[in-house]
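Take a look at the structure set out below.
The values are calculated or read from the model by the stated rules, or taken from the named source; none is laboratory data. Only a predicted model underlies this, so the values are computations on that prediction, with no experimental measurement involved. Note that we place each Cβ from the backbone using ideal geometry, even for glycine, and neighbour counts take in every protein chain shown. Ligands, DNA and RNA are excluded from the accessible area calculation, which covers all protein heavy atoms including side chains. Shrake-Rupley method; radii C 1.70, N 1.55, O 1.52, S 1.80 Å.
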Amino acid sequence: TRKGLIWMTQKQDKKNGMLGSGSMYEHGLSTIAICEAYGLSHDQKLKNSAMAAVKFIEYAQNESSGGWHYTARPATVGDTSVVGWQLMGLKSAQMAGLQVNKGTLDKAKKFLASVAKGKSGGLFSYMPDTGPAPAMSAVGLLCNQYSGMKRTDPAMIEGMNYVMGNLNAATGDSYFLYYATQVMHNLPGPEWDQWNRH
């Protein structure tokens, strides 16, 4: 693990804090790893790298839509898949005690609202003009949980029911499984028990 973290920090762009080869997928996932490592170790060398990675996420956001896409400062509005990884990186930073710009989080909420579907807004699409999908709904629900949405919120109830309705689809979709398992774990009760057993 240590060698991997050292390699990541050595490869980090020293000017802008970007991790990886330019893909926001790579950057988001790498930010999660570095922030979680810092949170566990409080190693000051990791702190600087983690903060630089957070600053790059903040910089890379689409200013008007609040989304992120494959590359920094996208001309497109962004997509829920990439947004999820950036918000997980920012949440990992917060949990490690690092500062995250509230404006960035507020703009991300705006993006999530633009892709929310369903009667109560508990289903999510890849982009604003597409229909809801199980994996994207799991991403959106987890992001809303990170923002403090309660189990009793109508959107969370709608989303939980949608996720449970797609329980069998999780077997062949690791992306859906990854996000939905976290969502359901955060909703303790009979649904989580059923999901976990399945």
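Select from THR31, ALA93, MET8 the residue farthest towards the positive end of the dipole of the stretch 1-128; place +1 on Cβ of Lys and Arg, -1 on Cβ of Asp and Glu, and compute about the Cα centre.
ALA93
Using the Cα centre as the reference, give the magnitude of the dipole from point charges on the C-beta atoms of the chain (Lys, Arg: +1; Asp, Glu: -1; all else neutral), rounded to the nearest 20 debye.
On the way: 19 positive and 14 negative charges, 122 e Å.
Computed charge dipole of the chain: roughly 580 debye.
Along the positive direction of the dipole of the chain (beta-carbon charges: Lys, Arg +1; Asp, Glu -1; about the Cα centre), which of GLN182, TYR70, GLY172 reaches farthest?
Checked the options; the winner is TYR70.
Roughly how tilted is helix 44-60, in degrees to the nearest 10 and between 0 and 90, from the longest Cα axis of the chain?
60 degrees
Relative to the Cα centre, what is the charge dipole magnitude of the stretch 1-45, using +1 at the beta carbon of each Lys and Arg, -1 at the beta carbon of each Asp and Glu, and rounding to the nearest 20 debye? Walk me through the numbers on the way to the answer.
On the way: 6 positive and 4 negative charges, 44 e Å.
It works out to roughly 200 debye.
If you roll a 1.4 Å probe over the heavy atoms of the protein chains, what accessible area per residue do you get for the stretch 1-155, in Å²? Working shown, then result.
Numbers: 7440 Å² over 155 residues.
Heavy-atom SASA per residue in the stretch 1-155 reads 48 Å².
Helix-only estimate, please: 222 nm mean residue ellipticity of the chain, summing -39500 (n - 2.57) across DSSP H runs of length 4 or more and dividing by its residues, to the nearest 500. Don't skip to the answer; put the middle values down first.
On the way: 9 runs with 120 residues, N = 198.
Helices in the chain give a 222 nm mean residue ellipticity of -19500 deg cm²/dmol.
Taking the Cα centroid of the stretch 1-25 and of the stretch 125-174, what is the distance between the two, rounded to the nearest whole Å?
First find each Cα centre; the distance between them is then 30 Å.
So which chymotrypsin sites (Phe, Trp or Tyr not before Pro) in the stretch 68-132 end up in coil per DSSP with only 15 or fewer other C-beta atoms within 10 Å?
On the way: sites: TRP68, TYR70, TRP85, PHE111, PHE124, TYR126; in loops: TRP68, TYR70, TYR126.
Hits after loop and neighbour filter: TYR70.
In debye, nearest 20: dipole of the stretch 123-198 around its Cα centre with unit charges on the Cβ of K, R (+) and D, E (-)?
Values: 3 positive and 6 negative charges, 33 e Å.
Charge dipole, the stretch 123-198, about its Cα centre: 160 debye, nearest 20.
Can you pull the accessible area of TYR59 for me, 1.4 Å probe, Å² to the nearest 10?
110 Å²
Please list log₁₀ I(q)/I(0) at q = 0.16, 0.20, 0.24 Å⁻¹ for the stretch 1-78, using the Debye equation with identical point scatterers on the alpha-carbon positions.
Per q value, in the given order, log10 I(q)/I(0) is -0.54, -0.79, -1.04.
Give the lysines whose C-alpha is closer than 22 Å to that of LYS3, dropping any in the same chain fewer than 8 places away, or say none.
Partners within reach: LYS11, LYS14, LYS45, LYS47.
Could you work out what % of the accessible surface of the chain is carbon and sulfur, using a 1.4 angstrom probe and leaving DNA, RNA and ligands out of the count?
For the chain, the apolar C and S fraction of the accessible surface comes to 55 percent.
Grab the eigenvalues of the alpha-carbon gyration tensor for the stretch 138-198, scale each by 5, take roots, and send me the semi-axes largest first in whole angstrom.
Values: eigenvalues 61, 31, 19 Å².
For the stretch 138-198, the ellipsoid semi-axes come out as 17, 12, 10 Å.
What is the extension gain from THR76 to SER23, computed as 0.36 nm multiplied by their sequence separation minus the C-alpha to C-alpha distance, in nm to one decimal?
Working: separation 53, 0.36 × 53 = 19.08 nm, distance 1.48 nm.
Roughly 17.6 nm would be gained on extension.
Can you tell me which of ASN166, ASN101, ASN62 moves the most in a GNM of the chain? Springs connect C-alpha atoms under 10 Å apart.
In the Gaussian network model the winner is ASN101.
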